[in-house]
Every structure is written in structure tokens, then in C-alpha cells.
Amino acid sequence: MSGRGRRFFNVVLVVFFVFLYCAVTGAHLKFLLSPQERYLHEIQSTTRQFDGFESTLERILPQRSHNPHLIDDPRLSSWANELMPKIYRPYPDYKSSEWEKNHRGSFKPCIGPRGKEVTDNLDDQVSAYVGVPKGFPTTIFGSHKAVGLDGSLSFDRYTRYGAYGFAEDETNVENWVRPAKVNWNDVDWGKLQKQCATHNANRFDAHLQGLNNNAPEARTAVLIRSYTGKEFSENDIINIRAMISELSLQSGGEYEVVLLTHVKDDSIPLDDPLVRKRLLQQNIPREFWGITQFWNMHEEILNYPQLDPELMDVHHSQWLSVQQFALRNPQFEYIWNWEIDTRFTGHYYEFADTVAKFGLRQPRRGIWERSERFYIPGYHGNYDGRYRSFVDAQSGPGVWGPMPMRTDTGKEFEREGPTPPVPVASQDPYEWGVGEEADLMVFLPIFNPINTEWVIRDEVFGYRAANTPRRASLITHSRLSRRLLLTMDRENHAGRHMSAEMFHVSTAFLHGYKGVSVPHPVYSDRLMPSDRVSRWFNSGVNGRSGSTMDSPFSWGRESRFKDVSWYYRANLPGRLYWNFLGWEKEGKGGPQYEEEHGRYCLPSILFHPVKDVRPESDSTHYDFDADNGLIAIPDQLAHINSEGQ
């Protein structure tokens, strides 16, 4: 090769390596990055959809509604405003002959905090606007339609919370009539609930004479999880009032709300009446004294001597207190484990009743496979149609009935769930389980933690340790059946246990009970194409959310949830809910903002976490330990299994 040729070749070689270097440093050559690094790179190019959106009453286009539970408010009949809120009562027609024909007893109205029957007193009602702000962002997961919620309604802070003491000193508020004030310190919610249930006892008690021979209605307890030392904000108190009124009093006692309070000091004797009085005075707003039940870990250590004491903390064993509640209160067929930092901007009865009906109509075929994925409407299509077919094609045989398994001693594991009617799921035309109440309902996917890097995936005790088939679901906010809780109790008395986010789900999974992940509407501040949402959140085998290291629940990947409306750490709740309450947050909301854009409003959304609800609280800067450079700590309780064996 001539000297000129060599020089030309060298120039081409240099240009090639310069090009390669630029490609690596400028375009990042994504295939050299980890999946999480690629996600972080991709998310930076997305827009924040709530930054440029005004979710106010001014953007609601008046429309007709076919919802039969909306009623014109006669108090607003003289107001000449096209957009008027309507009273919203999403209850059955208790006076109809159809309802009475299908129920054992008649409905009796209950007295509310204003000393009047809550069903007829306008001051005790929630109101809603027909329509949502034009262009309101679509969900990232789930939908109102999939669950059965009315997604065409909006609420503002006055129509949502005015009945419960919110803004009771404000005057001249547009679209709102201020209810009669209440001396809340004189209200005894426990007494009101007890009177209500007693008044309607022939609906629920098989031993009492009813209108017919129908089976008694099932009752449900809602256990709001609290703890000693908690400072109740005004919003905490208003929210609990709303739950009692909407779930319990207005339904005639179908639900009962309990403030299940963890006493952190294990040395305190809880059976002493004087101690109880002191605990109430120091920790609980007076109006809730009658609905409060205390518990501590010392009690649970005595109740479950078969479990290692090292497992006895709220993180590992919060279900023990719920199991004990179920044992002491056989009148409840279903029990909600309700996180106190959860909020629902819609009507609580609509939420609880609709979720229960969603579980009731789900077939067992494919139920675990549907539940282990994030349902993404824009990617999966209709929940009961295309999504069902998609999952069936992706999943193979699937879970069908109780799991075959032996314990660590080699003994056959005794399963308590029902036997499937046919040998394999494909032989069932999606009929088995329809009309059967769900034993478990959770609000994030029920994922397989094996092969993920979820930090507590191996906290399994007394089964087959890390080899145990199991499932998990984050945020323990859930509804459980009595039979599931009693099975969990028996598992614990046999010395078998798992950490809190796995135990209830895995018990249902192993025993063949009906477990459902509810595809409620979850929003994200980040606008991302639905196929990319599926890539980053259903990143497991065949489009599952678990089963691989790149699961969004794995250590170091949970930042994918930072901008959604439902996770254990998420920033959208602390933004939208603060704006909803009329407070400024992230450049939206507050008096000046509403003066220009109108009053903030939202459709019905389930939010978590909503903590320290005060205007000045920092509610929008949650992050994850891995993002701050912390390294996951290996399971420090593994020795419990080895010592037991």
C-alpha cells in the first residue's frame, strides 16, 4: 500500500472510531445500558401531563347522566348556574319491592351526627358534578369502566366533604349550600353505628324473624389501621367521618368502621379499663372513642406461641391483629384492612360496593394470570374481552385450584379451597367462580416474587423456605373473607408464616381461594405510550409484572412508580389531592390559582399515600432507598428456617 493509501486508511479508521465514540457517548448505545438505565433515559423524554392541565369546574362540559343515583338538590333550584352539583346516593333502592323480595329484612333508616335520619337529611349527603374536566388525562393502569365505577362524575372539596365539617365557617361559596354545623365533640360514632346495626338486625341475623326465608345479608368490617402517637389532621378526621356515614349509617349497618390502633408500647396492659381510657384520651379524637380497638404485639406473641418472636413486628405480622379481630367478631363475613393514608375522592359506598361486585363476577379461570399483570387499557383492550383472551394466550395452563405442595417435613400440605369442576382450566367456559365472592381483593398486581429482586421475596417461614410457591402484592390495603383469615390463623398456629405483603396473598394462592387484583383507575403524571408502559411495568415472562429481575417491584426499579397515584411511595397523590383541598402544590391550586382558573375538581380516584395532610407538608418528593445509593439488606431472618429444620 502506498504512503498516500496508508494515510487515507488511517483517516478512515480515525473517523470510524470518532463516530463510534460519539455514538456511545451521544446516543448512549442503549444496548449497553441496564434496563433500569434505559427506563430512566426514556422517561426523561416524556411530558408531565398534569403540568399543562387545569382540572377545574370551568372545564366541565354540562351533559346528561344516566346514573339513577343522582338527584337534583332542591336547595340549589333558585341558582342560575348551568353546572349544578347533584346529590349522589349510590345505594340500592331499599324501598323497592325487588330489593325487599331478595333480602331477609327491611331497611331501617339510621340517625346521623345531626340527630336526623341520614338517608333523608340533605345536609348529610355527598354531591357530584356530571362530567369531568375536558381533556382529563387517561389512566396508566386500570379504568373506571373495568371495575364498574362511574367515571363521568367529578367532585370538589365542598361537595365531597361539606357534610362532614369541611369549611363549616365559610360563606357565599358558589354551587354549595353550607350544612348545619355540628358539635363534633358530642358525636359518638360508635353509638350511632351500634344503634344502626341493631335497628337493622333482622337483615343480618339468622336467629331473628325476617320478612322471608332469604339468607341473612353479609356484613363487612372496615378496619382503619392507626397507631398510638399519630397526630390526626383535620382531613384525617373528616375522612373517617365520611367513611362511617357513607359505608355504615347510610347503608343501614351493612358496614361497620373500626379504628384498629396499634399500641407501640408492648408493656401496656390493654385489658385494664383505666389504661384504655388513658390511651383514648392521649391518642384518639373524642368522637372516635367508641369505634377504637387497641392491640399490641405482646398480645399477639401470646396468641401465636408457634411463631418465632423475631417475626413479631408490624412489618412482618400485621395480619395477626386482623385474624384476632375475625375470631372475636363472627358477625362479619368480610374485613377490609384499610390504610389510614388512603383517600378516595368519590363516594365510599360506590367504591366498596362496586369493588365487591367486580370480584363477584370474575370467573376463576385465568384469575391469577389476569391478576399478576398491570391491566393497561390502551394496550390490552376491554378487560372482560380482549384482555382475557390476551392473558389466556400468553399464560399456558395457568393456576387451577389449590397448589399441590408438601411441607418442609415432607407431609402433604392440607389445602382448604374448593376442587375445580373440571381437570384443566381450558375445559371451563369462564363459568366457575362467577357469582362467588372474592376471598381476597388487592389493588396492585399479585406477582410472583421468585426470581425478582424484591427485597423481602424470601421471607417465608415454616413452609419450604425459598422453594415455596407463593405470590405477593404491595400495599396491604385489601378486603379479605372470613374464611381466608381463619385459614391464615391456622397456618400461623402450625408455625407457618410469611411477611405481610405475601402472607394473605400466598395463603389464598396455596389453598385455592378466589384472589383478585382490582384494576382500579391509576393515573400517572408521565405521558407514555401504552406499549412502553407494558414494557416497563409488565416486564416479566410473557407480560407478567413479576418473575424476573427487571420486575418493577425489584430493588432499584421502583422509581417507575414515583409519578403514579397508587403505590407505597408516590408523588402524584400529594399533588392532586392537595390541589383538590384548595391548596397550592407544584404551581397548581390555591386561592390565586382558583381565582383565575376556577375551583379544582377530580373524578373518583383512589390515592396512596396521603400523609400529614396540611397545606405546608412536603407531599411531592418521595423517592426510594435504592435511588439514594442504599444497598438492599439480605434477609436477616433466614436463620429462623434453618434453626427450625
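Coordinate-derived values only; no laboratory data. Model, not experiment: these values are computed from the prediction. All Cβ positions, even for glycine, are placed from backbone atoms using ideal geometry, and neighbour counts span all protein chains on display.
Provide, as a two-decimal number, the C-alpha radius of gyration of region 224-316 over 2.2 N^0.38 Å, N being how many residues it has.
1.22
More than 14 angstrom separation, counting every C-alpha pair in region 526-597; what % is that?
So the portion of pairs separated by more than 14 Å is 67 percent.
About its Cα centre, how strong a charge dipole does region 215-309 have in debye, to the nearest 20, once Lys and Arg get +1 and Asp and Glu get -1 at the Cβ?
So the magnitude is around 260 debye.
Testing the spin-label approximation: label points 7 Å from Cα along Cα→Cβ at Ser233 and Asn102. State their distance in nm.
4.0 nm
If you add up the charges near Ser551, with Lys and Arg at +1 and Asp and Glu at -1, over every other residue whose beta carbon is less than 12 angstrom from its beta carbon, what do you get?
Net local charge, Ser551 excluded: +1.
From the residues Phe443, Met528, Val518, which one has its Cα farthest along the dipole of the chain in the positive direction, the dipole being from +1 and -1 charges on Cβ of Lys/Arg and Asp/Glu about the Cα centre?
Towards the positive end, the residue furthest out is Met528.
I'd like the projected area of region 184-234, averaged over all directions, using the convex hull of its alpha carbons. Report it in nm² with one decimal.
It is 5.5 nm².
Where the eigenvalues come from the Cα gyration tensor of region 495-630, what are the semi-axes √(5λ) of the equivalent ellipsoid, largest first, in whole Å?
33, 17, 16
Tell me, how many Å apart are the Cα centres for region 102-123 and for region 457-495?
Taking the Cα centre of each part, region 102-123 and region 457-495 sit 39 Å apart.
Hey, what number do you get for the chain at 222 nm if only DSSP H runs of n ≥ 4 count, each worth -39500 (n - 2.57), divided across all residues, to the nearest 500?
Using -39500 (n - 2.57) per qualifying helix, the result is -8000 deg cm²/dmol.
What base-10 log of the normalised intensity I(q)/I(0) is obtained for region 130-234 from the Debye formula, alpha carbons as equal point scatterers, at q = 0.19 Å⁻¹?
The computed values of log10 I(q)/I(0) come out as -1.12.
Over the Cα atoms of region 60-205, compute the convex hull volume and normalise it per residue, giving Å³.
Normalising the Cα hull of region 60-205 by residue number yields 166 Å³.
With contacts defined as alpha carbon pairs under 8 Å and 6 or more residues apart, what's the relative contact order of region 461-570 in percent?
22 percent
Note down the magnitude of the dipole of region 478-623 about its Cα centre, charges +1 on Lys and Arg C-beta and -1 on Asp and Glu C-beta and zero elsewhere, to the nearest 20 debye.
780 debye
If you filter region 500-584 for GluC sites (Glu not before Pro), then keep DSSP loop positions with at most 16 other Cβ within 10 Å, what is left?
Glu584
Can you work out the PRE-style zone for Glu431? Point 7 Å along Cα to Cβ, and I want the residues of region 353-390 with backbone N under 14 Å.
Residues 363-365 qualify, since their backbone N sits under 14 Å from the label point.
All other residues with a Cβ under 15 Å from the Cβ of Gly253 taken together, and with Lys, Arg as +1 and Asp, Glu as -1, what is their net charge?
Taking every other residue near Gly253 into account, the sum is -2.
Under unit Cβ charges (Lys, Arg +1; Asp, Glu -1), what dipole magnitude, rounded to 20 debye, does the chain have relative to its Cα centre?
In total the dipole reaches around 1720 debye.
May I ask for the Kirkwood hydrodynamic radius of region 140-188, worked out over all distinct Cα pairs and given in angstroms to one decimal?
The answer is 13.4 Å.
If each of Arg483 and Ile111 carries a label point 7 Å out from its Cα toward its Cβ, how far apart are those two points in nm?
Result for the modelled spin labels: 3.9 nm.
Over all directions, what mean area does the Cα convex hull of region 375-527 project, stated in square nanometres?
10.4 nm²
What helices does the chain have that are whole DSSP H segments, at least 24 Å long along their own axis by Cα, and with mean Kyte-Doolittle hydropathy of 1.0 or more?
3-26
Of the options Thr220, Met405, Leu33, report the single residue whose Cα projects farthest towards the positive end of the charge dipole of the chain (beta-carbon charges: Lys, Arg +1; Asp, Glu -1).
Leu33
Just want to confirm a number: the relative contact order over region 396-518, from Cα pairs under 8 angstrom separated by 6+ residues, in percent.
The value is 37 percent.
Taking a cut-off of 14 Å, what percent of all Cα-Cα pairs in region 319-411 are separated by more than that?
When every Cα pair of region 319-411 is considered, 79 percent fall beyond 14 Å.
Can you give the FRET efficiency for Ser65 and Asn329, using 1/(1 + (r/R0)^6), R0 = 41 Å, r = Cβ-Cβ distance, to the nearest 0.05?
0.60
Over the chain, what is the mean sequence separation of C-alpha contacts under 8 Å (at least six apart), divided by residue count, expressed as relative contact order in percent?
16 percent
When Lys and Arg each count +1 and Asp and Glu each count -1, what net charge do the other residues less than 11 Å away from Asn239, Cβ to Cβ, add up to?
Its environment carries a net charge of -1.
Grab every C-alpha pair in the chain, bin the distances at 20 angstrom width from 0 up to the longest one, and report whole percents.
Whole-percent P(r) values from 0 Å outward: 17, 51, 27, 4, 1, 0.
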